[in-house]
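Derivation of every value follows stated rules applied to the coordinates shown; laboratory data play no part. All values reported here derive from a predicted model rather than from experimental measurement. Cβ sites come from the backbone with ideal geometry, for glycine too, and all protein chains shown count toward neighbours.
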C-alpha cells in the first residue's frame, strides 16, 4: 500500500480540500500548551482571558498551525523527503475551544531539483478555516517530493 503523491502527480493550480476536519477541545489545547511550555495566560487562565478583547481563552497558535499542516499530509507531503521551508505564516482570526478546523491547499509552483534528478520541489499555499468558513491561518511551504521511480509507471 502506498501513501502520498509523487512529484509528477502535482500540477500548478491544483487545489486539495483536506478531509476530515478537526474539532479542537479544551483538553487538546491544554495538553499542547503544557507540552510546548506555552504558559501565556490567554491560553491557560480563563479568568484572565475573560478580561481580554476575546472574552475567552484562545487556542495556541502553533497548535492551529500543526493541525492545519497535519491535515494536508495525506494530500501534499505523504511521500515528502522533507518540508524545506515554511513562509508567510499568518494567523488571521482567533480560534476557540470547540471550533472545527478545515484546510485546503493550492499548488503555486513546481520545479525539478537542480542537484538531484530523482526529486522536485513544490510550493504550496495552505489555508485553514473554521466551521463558519472564516480563514484563521494561511501559510506557504516548500516541499521536496520524490519523482516516480521508473518501475512504477
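One line per residue, one yes/no per condition, for (1) in contact with a strand residue (DSSP E or B) (Cβ under 9 Å, 6 or more places away or on another chain); (2) over 30 Å from residue 119 (Cβ atoms):
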site	(1), (2)
30	no, yes
60	no, yes
69	yes, no
72	yes, no
75	yes, no
81	yes, no
84	yes, no
98	yes, yes
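Checking segment 100-112 against the condition returns no match, with no residue being free of Cβ contacts under 8 Å to residues at least 60 places away in the same chain and assigned to a loop (DSSP other than H, G, I, E, B). Residue 111 passes every criterion in (1) closer than 21 Å to residue 77 by Cβ; (2) in contact with a strand residue (DSSP E or B) (Cβ under 9 Å, 6 or more places away or on another chain); (3) surrounded by 13 or more Cβ atoms within 10 Å (Cβ to Cβ) apart from (3). When the test is whether a residue is within 16 Å of the chain's Cα centre (by Cα) and loosely packed, with under 14 Cβ neighbours inside 10 Å, residue 74 does not pass it.
Residue count for segment 38-61 satisfying the condition of being loosely packed, with under 11 Cβ neighbours inside 10 Å, outside any loop (DSSP other than H, G, I, E, B) and in contact with a helix residue (DSSP H, G or I) (Cβ under 8 Å, 6 or more places away or on another chain): 0. Condition check for residue 137 on (1) farther than 16 Å from residue 6 by Cα; (2) touching a helix residue (DSSP H, G or I) at 6+ places or on another chain (Cβ under 8 Å); (3) outside any strand (DSSP E or B): one failure, at (3). Out of segment 114-133, which residues are under 22 Å from the mean Cα position of the chain (by Cα) and loosely packed, with under 13 Cβ neighbours inside 10 Å? Matches in segment 114-133: 131, 132, 133. If the condition is being buried (at least 16 other Cβ atoms within 10 Å of the Cβ) and part of a loop (DSSP other than H, G, I, E, B), then segment 15-37 contributes only 24. Screening residue 3 on (1) surrounded by 15 or more Cβ atoms within 10 Å (Cβ to Cβ); (2) within 29 Å of residue 150 (Cα to Cα) shows it passes everything except condition (1). Is it true that some residue in segment 83-91 is crowded, with 16+ Cβ neighbours inside 10 Å, in contact (Cβ under 8 Å) with a residue 24 or more places away in the chain, under 16 Å from the mean Cα position of the chain (by Cα) and more than 19 Å from residue 122 (Cβ to Cβ)? Yes, that holds for at least one residue. Number of residues in segment 113-131 that are part of a strand (DSSP E or B) and in contact (Cβ under 8 Å) with a residue 24 or more places away in the chain: the value is 9.
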